[in-house]
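Reviewing the structure listed below.
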Amino acid sequence: MDKDLLTAEVMKTFENLNSENILNKLNLSFKGENAILMLLNEYGGISTPGKLCERIDFTAARLSAIIKSMESKGLVEKIQNPDDKRSTIVAMTAQGYEQFMRLREEIVINALTIIEKLGEEDVVEFLRLIRKLIDISNQPAAE
């Protein structure tokens, strides 16, 4: 296959990945409020906003808006940092933890569906290729 046709096929395939399918649902599990819940769980239920911003690609303003929305839903609360009274800590509430557990269950179900439909051998190959794509995307752009 020539490079132009191959390029067009790659672009078409990636466009299809953005459609409403199981990979898209799995990807959405790691964005916005869900990403905050997953990070908070990873950090033992609490974190500073700065530490959250370091790990996800949100501006401080975007993170603040998401946290405010999550507070209104009862998923997190902001508390004064005992080590620095000028700053706050974001803490996952019991309701936030319940939401995280539902999210985690949904992620597991979607992952198992992918494994079941692809088969173990193809999943291993898929993961190898995805890791390779991640490595490539983390390299400096060629000039």
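The values are calculated or read from the model by the stated rules, or taken from the named source; none is laboratory data. This structure is a prediction, so every number in the text was calculated from the model and none was measured. A quick note on method: Cβ atoms are made from the backbone with ideal geometry, for glycine too, and the neighbour counts reach across all protein chains shown. Protein only, heavy atoms only, side chains kept; ligands, DNA and RNA dropped before computing areas. Shrake-Rupley method; radii C 1.70, N 1.55, O 1.52, S 1.80 Å.
Annotations
- Extreme residue, most open to solvent (accessible area, probe 1.4 Å), among residues of segment 64-87 that are under 18 Å from the mean Cα position of the chain (by Cα) and touching a residue at least 12 places away in the same chain (Cβ under 8 Å): Ser64
- Top-ranked residue of segment 1-40 - restricted to ones that are among the β-branched types (Val, Ile, Thr) and open to solvent by 40 Å² or more (accessible area, probe 1.4 Å), ranked as modelled with the highest pLDDT: Thr7
- Summed over segment 88-143, residues that are open to solvent by 80 Å² or more (accessible area, probe 1.4 Å), closer than 30 Å to Pro49 by Cα and either touching a strand residue (DSSP E or B) at 6+ places or on another chain (Cβ under 7 Å) or charged (D, E, K, R) (or both) total 7.
- Within segment 41-63, residues that are open to solvent by less than 90 Å² (accessible area, probe 1.4 Å) and of a type in the set (Ser, Thr, Tyr) sit with their Cβ atoms under 8 Å from residues that are in a loop (DSSP other than H, G, I, E, B) and modelled with pLDDT under 90, at 6+ positions apart or across chains, in these pairs: Thr48/Asn81; Thr48/Ser87.
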